[in-house]
Amino acid sequence: MPPHDDLARLLRESRRAVAFTGAGISTESGIPDFRSPGGVWSRMQPILFDDFLNDEDMRREAWRRAFSGVAGWTGASPNEGHFAVARLVADGKIAAVITQNVDNLHQDSGIPPTKVLELHGNASYATCLECGLRHELEALRQGFTERDEIPACQACGGVVKVATVSFGQPMPKDVLRRAEEETLACDLFIVLGSSLVVYPAAGLPIVAKRNGARLAIVNRDPTELDRFADIVIHDDIGPLMSRIAPRR
Ligand SMILES: [Zn+2]
């Protein structure tokens, strides 16, 4: 049986699925996996959260990177994989998408933002670390590039930071809680393009499996959790998922 038939069957038999996505779903949009050769952390040192908070030069460097787009996280378009997942969400098959990606491409593909649980935040806007107010990057750009102003909150004057979760910065508790709830509520947990090595990626599929859900892993390379999965497909995501949830 071709592998996509197996996954299609699991989806047919599922009443409530969850998709867990990682860098692999976005490489087909031209966004390099940040851990891979050519990815952002092979080209520059990450800025630690504490350094961002405590060192004005580091904060300036973080904003320089954000506005130059040097990390390559923004400006891409969703690909067939994102659109197929969006169709499954629209059909009520997939209840939530838990993602390690910060590229906003699930929302750009049409999934309601409330159904996208971003474990590592989002690189397409900024938030105030004091009051949480959202700031659009474009509104902050001119002050920084023309007057060298490090962005401050328009409401409270607090420190504003791109809404990604930096190294050394805690993951948002509410997102983690919802990701765990969705994992426990699903009967099918589908991994799409994650190597499942970092927490909580390494844990959630096991939580789902122990709770009685089926586990499908689609990733180009083998993962540590393949042996726990009901089906494992080592393939590109876009072509596979478009066959499972074809364009109408
Ligand atoms: Zn504020």
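The values are calculated or read from the model by the stated rules, or taken from the named source; none is laboratory data. These numbers come from a predicted model, not from an experiment. Cβ: placed from backbone, ideal geometry, glycine included. Neighbour counts: every protein chain shown. What goes into the accessible areas is simple: the full protein's heavy atoms, side chains included, and nothing from ligands, DNA or RNA. Shrake-Rupley method; radii C 1.70, N 1.55, O 1.52, S 1.80 Å.
Where both partners of a DSSP beta bridge lie in the chain, what percent of those bridges are antiparallel, to the nearest 5?
On the way: 8 of 29 bridges.
Approximately 30 percent, going by the DSSP bridge assignments.
If you take the beta carbon distance between ARG227 and ALA90 as r and set R0 to 35 Å, what does 1/(1 + (r/R0)^6) give as a FRET efficiency, to the nearest 0.05? Please list the in-between numbers first.
Details: r = 33 Å, r/R0 = 0.94.
The calculated FRET efficiency here is 0.60.
Quick one: with all protein chains in place, what share of the accessible area of the chain is carbon or sulfur, to the nearest percent (1.4 Å probe)?
Summing carbon and sulfur atoms, their accessible area is 50 percent of the total for the chain.
Work from the charge dipole of the chain (Cβ charges, +1 for Lys and Arg, -1 for Asp and Glu, about the Cα centre) and give the residue of SER124, ALA62, THR114 farthest towards its positive end.
The Cα lying farthest towards the positive end belongs to THR114.
Order 54-64, 74-84 from most to least packed using the mean count of other Cβ atoms within 10 Å.
Highest-to-lowest ranking by the protection proxy: 74-84, 54-64.
Count of lysine pairs in the chain with Cα atoms under 20 Å apart, counting only pairs 8 or more residues apart in sequence or on different chains?
Numbers: LYS93/LYS115; LYS93/LYS209; LYS115/LYS173; LYS161/LYS173.
Counting lysine pairs in the chain gives 4.
What angle do you read, to the nearest 10 degrees and between 0 and 90, between the alpha-carbon axis of helix 56-68 and the longest principal axis of the chain?
So the helix axis and the longest Cα principal axis differ by about 60 degrees.
Could you tell me which of rounded, prolate or oblate describes the range 170-228, using a ≥ b ≥ c as the square roots of the eigenvalues of the alpha-carbon gyration tensor, with rounded for a/c under 1.5 and, failing that, prolate when a/b is larger than b/c and oblate otherwise?
Oblate shape, in that a/c is at least 1.5 and b/c is the bigger or equal ratio.
Any chance you could check the Cα centroid distance between the range 216-233 and the range 43-69 for me, in angstrom?
35 Å
What share of Cα pairs, in percent, lie more than 26 angstrom apart in the chain?
40 percent
Angle check, please: helix 173-185 long axis (alpha carbons) against the longest principal axis of the chain (alpha carbons), in degrees 0 to 90, nearest 10.
10 degrees
Roughly how big is the range 186-248's charge dipole about its Cα centre, with Cβ charges of +1 (Lys, Arg) and -1 (Asp, Glu), in debye to the nearest 20?
260 debye
Assign one of three labels to the range 96-187, namely rounded, prolate or oblate, based on the Cα gyration tensor with a ≥ b ≥ c the square roots of its eigenvalues; rounded applies when a/c is under 1.5, prolate when it is not and a/b is larger than b/c, and oblate otherwise.
prolate
Treating only the Cβ atoms of Lys and Arg (+1) and Asp and Glu (-1) as charged, compute the dipole magnitude of the range 72-227 about its Cα centre; round to the nearest 20 debye.
That gives a dipole near 460 debye.
Could you state the accessible area per residue of the chain in Å², with a 1.4 Å probe and every protein chain left in place?
Numbers: 11880 Å² over 248 residues.
That works out to 48 Å² for each residue.
Calculate, in nm to one decimal, what GLU149 and ALA185 gain on full extension: separation in residues at 0.36 nm each, minus their alpha carbon distance. Before the final figure, lay out the partial values.
Working: separation 36, 0.36 × 36 = 12.96 nm, distance 4.59 nm.
Residue separation times 0.36 nm, minus the Cα-Cα distance, leaves 8.4 nm.
Compute the length gained on full extension between ASN211 and ARG43: take 0.36 nm times their separation in residues and subtract their Cα-Cα distance, giving the result in nm to one decimal.
Numbers: separation 168, 0.36 × 168 = 60.48 nm, distance 4.04 nm.
Using 0.36 nm per residue and subtracting the Cα-Cα distance, I get 56.4 nm.
Could you give the nm distance between label points at ARG9 and LYS173, where each point is 7 Å from its Cα heading toward the beta carbon?
Those two pseudo-labels are separated by 4.4 nm.
Rounded to the nearest 0.05, what FRET efficiency do ASP108 and ASP55 have when you use their Cβ-Cβ distance and R0 = 51 Å?
Here the calculated transfer efficiency is 0.95.
To the nearest 0.05, what FRET efficiency results for ARG65 and GLU130 with a Förster distance of 25 Å applied to their C-beta separation?
For R0 = 25 Å, the calculated efficiency reads 0.65.
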